[in-house]
Amino acid sequence: MRANFTFAFPPSRRRFLMAWTLVLASAVVWCASPASAQIDALCTASITLNFDPPAMLVLPPTPAPHSTSTGSGTITTCAVFDGGPTTGTFTYSLEGNLTCTSAENVVGTVDIVWADNTESYAEITTLALNLGSVGGAAGLTATVTSGRFAGEQLQIVNVRDPLALIRCALTGLSQATGTTSLIFTQPL
């Protein structure tokens, strides 16, 4: 029987995770975007990630297995500068070589439905930041291909449940939850 590690974080822990997410989001924007790129929206979301096959700890020189990650999330708040909605939902699909501690050759899509039923579709282009990958934190860069914010860059910073890395290393990780920041910036 597997232990269920799903639990509600106390308010102080949620504030810590939110602050850490914003720090990582700032790092992605600072490192991945030119200094003059204008931010059009900064959003915070909850996310559920599903891994197939379950992510495992793989020791070198064994190559990372090809895996898929799918899931969904809820955008709970945004600071937006276009006057549009500040909440919504999203789904994503990624594939690549994923382990508990690394991610390579990652490609995928993110589809957002905003509260007013407008949509944003984005294609993942780069793994921008990797701190523990599947079991820790990761940053992705995407290009919004159509809908709201079309043509803009989307930085995605994901901070997982702190126990995800431990579960991944010990038993494999088929599902994780976390906090995500979505940052939309205009192209130069």
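The values are calculated or read from the model by the stated rules, or taken from the named source; none is laboratory data. Everything quoted here is computed from the prediction, not taken from an experiment. Here the Cβ positions follow ideal geometry from the backbone for every residue, glycine too, while neighbour counts run over all protein chains shown.
A few notes on this one:
- Residue check, ILE75 surrounded by 15 or more Cβ atoms within 10 Å (Cβ to Cβ), modelled with pLDDT under 95 and under 13 Å from the mean Cα position of the chain (by Cα): no
- Selected residue (criterion: modelled with the lowest pLDDT) from residues of the stretch 80-99 that are among the polar types (S, T, N, Q) and outside any loop (DSSP other than H, G, I, E, B): ASN97
So that you can scan it fast, the table gives a plain yes or no per residue for (1) touching a Pro at 6+ places or on another chain (Cβ under 7 Å); (2) part of a strand (DSSP E or B); (3) within 20 Å of GLN38 (Cα to Cα):
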residue: CYS78; (1), (2), (3): no, yes, yes
residue: THR109; (1), (2), (3): no, yes, no
residue: VAL113; (1), (2), (3): no, yes, no
residue: ALA122; (1), (2), (3): no, yes, yes
residue: ALA150; (1), (2), (3): no, no, yes
residue: PRO162; (1), (2), (3): no, no, no
residue: ARG167; (1), (2), (3): no, no, no
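- Any hit, the stretch 111-127, residues being surrounded by fewer than 21 Cβ atoms within 10 Å (Cβ to Cβ), touching a strand residue (DSSP E or B) at 6+ places or on another chain (Cβ under 7 Å) and farther than 19 Å from SER146 by Cβ: yes
- Any hit, the stretch 119-133, residues being in contact with a helix residue (DSSP H, G or I) (Cβ under 9 Å, 6 or more places away or on another chain), at pLDDT 85 or above and more than 22 Å from THR86 (Cβ to Cβ): no
- Flag set for THR126, criterion: in a strand (DSSP E or B), farther than 19 Å from GLN38 by Cα and in contact (Cβ under 8 Å) with a residue 40 or more places away in the chain.
- With respect to the conditions (1) at negative phi; (2) surrounded by fewer than 23 Cβ atoms within 10 Å (Cβ to Cβ), ASN105 falls short on a single one, namely (1).
To keep it simple, each residue is scored yes or no on (1) at pLDDT 90 or above; (2) outside any loop (DSSP other than H, G, I, E, B); (3) hydroxyl-bearing (Ser, Thr, Tyr).
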{"site": "CYS31", "(1), (2), (3)": "no, yes, no"}
{"site": "SER36", "(1), (2), (3)": "no, no, yes"}
{"site": "CYS43", "(1), (2), (3)": "yes, yes, no"}
{"site": "LEU49", "(1), (2), (3)": "no, yes, no"}
{"site": "ASP52", "(1), (2), (3)": "yes, yes, no"}
{"site": "THR62", "(1), (2), (3)": "no, no, yes"}
{"site": "THR70", "(1), (2), (3)": "yes, yes, yes"}
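- The residues in the stretch 77-108 that are closer than 15 Å to ARG148 by Cα and of a type outside the set (A, V, I, L, M, F, W, C) can be counted, and the count is 8.
- Annotation note: Cβ proximity below 7 Å between a residue of the stretch 167-187 that is over 18 Å from THR70 (Cβ atoms) and a residue that is modelled with pLDDT of 90 or more and of a type in the set (Gly, Ala, Ser) (sequence gap 6+ or interchain) occurs for THR179/SER46; PHE184/ALA41; PRO187/GLY151.
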